[in-house]
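Down below is the structure, laid out as structure tokens.
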Amino acid sequence: MKIVGLTYDLKTDYQFQEGDPPDANAEFDHPSTVDVIANAIASQGFQVKKIGNANSLLENINNLGVDIVFNLSEGLYGRNRESQVPILLEMAGIPFVGSDALTLGLTLDKIIAKKIFIAEGISTPKFFEIKTMDNLLDSDHLNFPLIVKPRFEGSSKGLSEKSRVENMQELRAQAEFIINTYKQPALVEEFIIGQEFTVAIVGNDPPEVLPVVQIKIDGSLQLDEKFYTFARISSDRLEYICPAPISQELNKKICDLALSSYNVVDCLDFGRIDFRVDNAGNPYVLEINPLPSLSTEDVFCLLAKLKGMSYEQLIGRILNIALTRYGLQ
Ligand SMILES: Nc1ncnc2c1ncn2[C@@H]1O[C@H](COP(=O)(O)OP(=O)(O)O)[C@@H](O)[C@H]1O
Ligand SMILES: [Mg+2]
């Protein structure tokens, strides 16, 4: 029986420091989420060994005794945090599920990812960066409304109703908030007024694009100026609609862009791509997540059900895709 190690960060492992934003541990897992995934892996005929976070991995790296690691770890600080577990495993020659350190780093940093998308002709909202409050003024070539996000965070961290800004004064205030609170540059994008979608992909040669999921907020698919804030994620004001009630033409455009994004950053085994579509029907890639949530409330679980698969089978499938990639099947 193959032994599968599990790496993850628990919300309770996070030691809040003075000055940390309230959502500092937003991406970390509840123990129950880790248990659900561990049980799902076990149900598919594997033995599970819980390893924990990057520090626990480092301490035990020479005697893990696992055939492969299922990595859920988001890491602690900075744009390389998601790369920490994969790089340790790569150094030790231990196979792992999902994308490698380079892909995780370059996609967590939304600006690097956007530069790659632009170079490859993948449509993404126009943007500029505010590194310090001094370089704000040479950045007035985009049209308001804009959205101000942290450069390398996920899970809607740093996003609130104030993130969509309508004028210079609001832009200045929000950029200052991001730089000071999240200790990183602010990414400012044109705000795409319209609808929102997310697309999950599984597999490698070739990857399979799963049905497009549409985001409904406060009962409405036409989001216009609404968007996915940290507060909304933890409320019931947000629903996933699948299949998305959209034209075949838009569906194809979104799926093609999702697949190109997955391929261009060398995503492996699974990933999820977030989109906004403006009211003229033009899709824009917001970001690609090579380490998307596999929790039972999330998109992957919903899609598994739609395909007539159980949650456990979905986790087993992702694991088997990785085992095949390493020739371990
Ligand atoms: N350019 C944009 N136009 C409109 N809404 C946006 C834009 N960028 C982000 N959003 C909203 O903010 C949410 C989070 O942004 P995203 O770039 O996906 O970061 P993350 O999910 O990593 O926090 C999106 O799901 C969307 O609702
Ligand atoms: Mg997102």
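The values are calculated or read from the model by the stated rules, or taken from the named source; none is laboratory data. Keep in mind that this is a model prediction, so the values were computed, not measured. Cβ coordinates were reconstructed from backbone atoms using ideal geometry, including for glycine residues, and neighbour counts include every protein chain displayed. Note: areas computed on protein heavy atoms with side chains; ligands, DNA, RNA excluded. Shrake-Rupley method; radii C 1.70, N 1.55, O 1.52, S 1.80 Å.
Per this entry, GLU170 is counted among residues that are buried (at least 16 other Cβ atoms within 10 Å of the Cβ) and over 23 Å from ASP266 (Cβ atoms). The residue pairs whose first member lies in segment 214-230 and is of a type in the set (Ser, Thr, Tyr), whose second member is open to solvent by 50 Å² or more (accessible area, probe 1.4 Å) and in a strand (DSSP E or B), and whose beta carbons are closer than 6 Å, counting only pairs six or more residues apart or on different chains, do not exist in this structure.
Return the residues of segment 125-144 that are surrounded by 17 or more Cβ atoms within 10 Å (Cβ to Cβ) and under 24 Å from the mean Cα position of the chain (by Cα); say none if nothing qualifies. Those that are surrounded by 17 or more Cβ atoms within 10 Å (Cβ to Cβ) and under 24 Å from the mean Cα position of the chain (by Cα): PRO125, PHE127, PHE128, ILE130.
Taking the condition buried (at least 20 other Cβ atoms within 10 Å of the Cβ) and in a helix (DSSP H, G or I), does LEU6 pass? No: the conditions fail for LEU6.
Scanning segment 73-93 for residues that are among the β-branched types (Val, Ile, Thr) and either in contact with a strand residue (DSSP E or B) (Cβ under 8 Å, 6 or more places away or on another chain) or surrounded by 23 or more Cβ atoms within 10 Å (Cβ to Cβ) (or both) yields one hit, VAL85. If you filter segment 99-124 down to residues that are assigned to a loop (DSSP other than H, G, I, E, B) and free of Cβ contacts under 8 Å to residues at least 60 places away in the same chain, you find that the one that is least open to solvent (accessible area, probe 1.4 Å) is ASP109.
Inspection of segment 197-207 finds no residue satisfying the criterion of being near ligand 1 (Cβ under 8 Å from one of its atoms), hydrophobic (A, V, I, L, M, F, W, C) and either surrounded by 18 or more Cβ atoms within 10 Å (Cβ to Cβ) or assigned to a loop (DSSP other than H, G, I, E, B) (or both). Filtered by the rule that a residue be open to solvent by 60 Å² or more (accessible area, probe 1.4 Å), under 13 Å from GLU312 (Cα atoms) and in a helix (DSSP H, G or I), segment 37-63 gives ASN39, SER43. Could you grab me the full set of residues in segment 41-69 that are in contact with a Gly (Cβ under 7 Å, 6 or more places away or on another chain) and either closer than 15 Å to THR296 by Cα or of a type outside the set (A, V, I, L, M) (or both)? Listed by number, the residues that qualify are GLN44, LYS49. Please specify each residue of segment 292-310 satisfying the condition of being under 19 Å from the mean Cα position of the chain (by Cα) and open to solvent by 20 Å² or more (accessible area, probe 1.4 Å). Across segment 292-310, the qualifying residues are SER293, THR296, GLU297, ASP298, LEU302. Checking PRO95, PRO86 one by one, the residue that is without any contact (Cβ under 8 Å) to a residue 40 or more places away in the chain, in contact with a helix residue (DSSP H, G or I) (Cβ under 8 Å, 6 or more places away or on another chain) and more than 16 Å from ligand 2 (Cβ to nearest atom) is PRO86 and no other. The residues on offer are GLU249, GLU225, GLU161, and the sole one that is at pLDDT 95 or above, over 20 Å from ASN289 (Cα atoms), of a type outside the set (S, T, N, Q) and open to solvent by 50 Å² or more (accessible area, probe 1.4 Å) is GLU249. Checked against the criterion of being in contact with a Pro (Cβ under 9 Å, 6 or more places away or on another chain), crowded, with 16+ Cβ neighbours inside 10 Å, closer than 28 Å to GLY327 by Cα and aromatic (Phe, Trp, Tyr), the candidates PHE70, PHE152, PHE96 yield just one match: PHE96. Count of segment 159-196 residues, restricted to those that are farther than 20 Å from SER123 by Cβ and not in a strand (DSSP E or B), is 25. For segment 260-294, the candidate set comprises residues that are under 21 Å from ARG151 (Cα atoms) and part of a loop (DSSP other than H, G, I, E, B); within that set, the residue that is farthest from ligand 1 (Cβ to nearest atom) is ASP266. Would you confirm whether or not segment 232-239 contains a residue that is within 16 Å of ligand 2 (Cβ to nearest atom), open to solvent by 60 Å² or more (accessible area, probe 1.4 Å) and not acidic (Asp, Glu)? Yes: one or more hits.
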